[in-house]
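Novice: Okay, handing you the structure first.
The values are calculated or read from the model by the stated rules, or taken from the named source; none is laboratory data. Just so it is clear, the structure is predicted and the values come from calculations on it, not from any experiment. When we count neighbours, we look across all protein chains shown, and the Cβ atoms used for this are built from the backbone with ideal geometry, even at glycine. Each accessible area value is taken on the protein alone, full model and side chains, heavy atoms only, with ligands, DNA and RNA left out. Shrake-Rupley method; radii C 1.70, N 1.55, O 1.52, S 1.80 Å.
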Amino acid sequence: MRMVDLIAKKRDGQILTTPEIQFIIDGYTDGSIPDYQMSALLMAIYLKGMTDPEIATLAKSMLDSGEKLDLSMIPGIKVDKHSTGGVGDEISIPLAPLVAAAGAKNPMISGRGLGHTGGTLDKLESIPNFNVDQTTEHFIDEVQEHGTAIVSASKDVAPADRKIYALRDVTSTVESIPLIASSIMSKKIASGTNALVLDVKTGNGAFMKNEAQAKKLAETLVAIGKQNDVPCVAFLTDMNQPLGYAIGNALEIKESIDVLKGEGPEDVTELTLVLGAEMLILAGIAKDTATAREILEAKIADGSALQAFKQLIIDQGGDPSVVDDPTKLPQALSTLDITAKEAGYVSAMQTNELGLASMKIGGGRAKKEDLVDPAVGIMLHKKIGDKIAVGEPLATLYLNAPAPQEVQDQVLNSFTISAEAPELPELIHEIVR
Ligand code: URA
């Protein structure tokens, strides 16, 4: 078999067979297929798509490219959550300690920023000394003793995804149902979880901009879960504006702490509770959504969710004092307000552009080897439905270097201002089981 022939086959819209997909994944994982050929194949998949059986085979081959963690020594149903990626989407950070405080076992394997979206691992690394690279033994002990751990996939878990994920980020091949579905499900199933809650984003800040496509992605993810005996529930959630007000690594950690104190933005708090409630149901801790929410709300109110976050930070070598004093998180050298040029109501936001603007001032990567600046980012002051006057700040940039005019314009132009108050977007669009 030759990779060049398989690239041509997919380029021409043909269906790859199981041995062909296995050949590609094995060859790319062991290095015998180079990045340039894999890049061409990824673009062919992006453009021509894959059938459901091809996607199932791709996910299985990526899953089988490494070891599957055995978490059977941890009693009970292990449950995890994964988002398809959005802007200001820090949900995993308050969610993991919250469900752990409620008694769930949550082995969370997370990712880094991808395209215009941020990554949970990059955000956590803004906490001084927080280490996302833990041994499997430490990961298991942490989940067993304190209910959760948030780590990067070890080199042995779905190594094919590790390599392909980094390559997609720099080859404009992220927004593809087969590639997103196989990426998420291979690493989540390999991480040994027994059940999974999926947050599938839809809207102009999501990889799936169109709702029908987001639904197809949700159905694909849930189907792969079923094929591998991992029950999944997918929530289609709104990404037509960033979640919360913070975009940027340390800024989103601060906002996550606010959520755990019961003082977070309404949308971040609500989505954390919705996804957390489903996790408690899948874990057998609550029988229905109302009971699950009550448990979670009580864990925020009595401070145990916040305490669980401190414990998570301690377990992973970080400085837990940031929870009580968030000024210990990396701070930007300067700020710059972006002010409104017209009055009215914010009626739409170009969420994707806000994510890119944050990336350009250092909050994300344009190339694989780029370093992320934890302190920089954007704080929004206005979201859809808010009234704005001329000269009032729409957003503040947090900077460690002067912001190029192009970025300032990009942020300003991300807000549409209209005379009439708009209809507010629904946070949860649909649930796929
Ligand atoms: N999250 C992942 O893990 N993979 C993707 O491809 C997109 C979001």
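Novice: In whole Hz and in residue order, list the ³J(HN,Hα) couplings for the stretch 54-71 that follow from phi through the Karplus curve 6.51 cos²θ - 1.76 cosθ + 1.60, θ = phi - 60°; x for Gly and Pro.
Specialist: After applying 6.51 cos²θ - 1.76 cosθ + 1.60, I find 4, 5, 4, 5, 4, 4, 5, 5, 5, 4, 7, 6, x, 8, 9, 5, 9, 9 Hz.
Novice: Skip the ligands, DNA and RNA, and give the accessible area per residue of the chain with a 1.4 Å probe, whole Å².
Specialist: 38
Novice: Above 41 Å lies some portion of the pair distances; for the chain, what is it as a whole percent of all C-alpha pairs?
Specialist: 13
Novice: Could I ask something else about it? Once the other residues with Cβ under 14 Å from the Cβ of Asp64 are scored (Lys, Arg +1; Asp, Glu -1), what is the net sum?
Specialist: That sum, taken over residues with Cβ under 14 Å, equals -2.
Novice: In addition: Near Glu145, within a Cβ-to-Cβ distance under 13 Å, what is the net charge of the other residues, with Lys and Arg +1 and Asp and Glu -1?
Specialist: Residues close to Glu145 contribute a combined charge of -3.
Novice: Say the dipole of the stretch 79-146 comes from +1 at the beta carbon of Lys and Arg and -1 at that of Asp and Glu; which of His146, Pro128, His82 then lies farthest toward its positive end?
Specialist: Checked the options; the winner is His82.
Novice: Shifting gears a bit: Write down the radius of gyration of the stretch 325-432 and its Dmax, each obtained from C-alpha positions, in Å.
Specialist: Cα radius of gyration and Dmax of the stretch 325-432 are 15.4, 45 Å respectively.
Novice: Place +1 on the Cβ of every Lys and Arg and -1 on the Cβ of every Asp and Glu in the stretch 335-433, take the dipole about the Cα centre, and give the residue among Leu399, Thr416, Ala348 whose Cα lies farthest towards its positive end.
Specialist: Leu399
Novice: Sequence-distant or interchain residues sharing an amide H contact under 5 Å with Gln134, placed H: which?
Specialist: Result for Gln134 returns Ser152.
Novice: Let me ask another. Pro393: net charge of surrounding residues, Cβ under 9 Å, Lys/Arg +1, Asp/Glu -1, itself excluded?
Specialist: Once positives and negatives cancel, what remains is -1.
Novice: Then there's this: Quick one: putting +1 on the C-beta of Lys and Arg, -1 on the C-beta of Asp and Glu, what dipole do you get for the chain around its Cα centre, in Debye to the nearest 20?
Specialist: Value, rounded to 20: 920 debye.
Novice: Mind checking the alpha-carbon convex hull of the stretch 384-433 and giving the volume per residue in Å³?
Specialist: 142
Novice: Separate question: Ignoring any ligand, DNA or RNA, what whole percent of the accessible area of the stretch 340-427 comes from carbon and sulfur when the probe is 1.4 angstrom?
Specialist: 53
Novice: Using a 10 Å cut-off on Cβ atoms, rank the peptides 417-424, 273-280 from the highest mean neighbour count down.
Specialist: 273-280, 417-424
Novice: While we're on this one: Report, in whole Å, the centroid distance computed from the Cα atoms of the stretch 160-177 and the stretch 222-246.
Specialist: 19
Novice: Place a +1 charge on the Cβ of each Lys and Arg in the stretch 234-289 and a -1 charge on the Cβ of each Asp and Glu, then give the dipole magnitude about the Cα centre in debye, rounded to the nearest 20.
Specialist: 200
Novice: Further question: Excluding residues fewer than 8 places away in the same chain, name every one of the lysines whose C-alpha is closer than 18 Å to that of Lys68.
Specialist: Result set, ordered by chain and number: Lys60, Lys78, Lys81, Lys105, Lys155, Lys163, Lys187, Lys188, Lys226.
Novice: For the stretch 72-199, what number results from the quotient of the Cα radius of gyration and 2.2 N^0.38 Å?
Specialist: For the stretch 72-199, the normalised Cα radius of gyration is 1.01.
Novice: How do Arg168, Arg2 stack up against each other in accessible area, from largest to smallest, with a 1.4 angstrom probe?
Specialist: Largest accessible area first, the list is Arg2, Arg168.
Novice: Sticking with this one: Principal axes first, then extents: for the Cα atoms of the stretch 256-317, list largest minus smallest coordinate on each axis, whole Å, largest first.
Specialist: Rounded to whole Å, the extents work out to 34, 25, 18 Å.
Novice: So, one more: Report the number of Lys pairs in the stretch 274-433 whose alpha-carbons are under 17 Å apart, with separation of 8 or more residues or on distinct chains.
Specialist: Taking the stretch 274-433 as the scope, the lysine pair count is 6.
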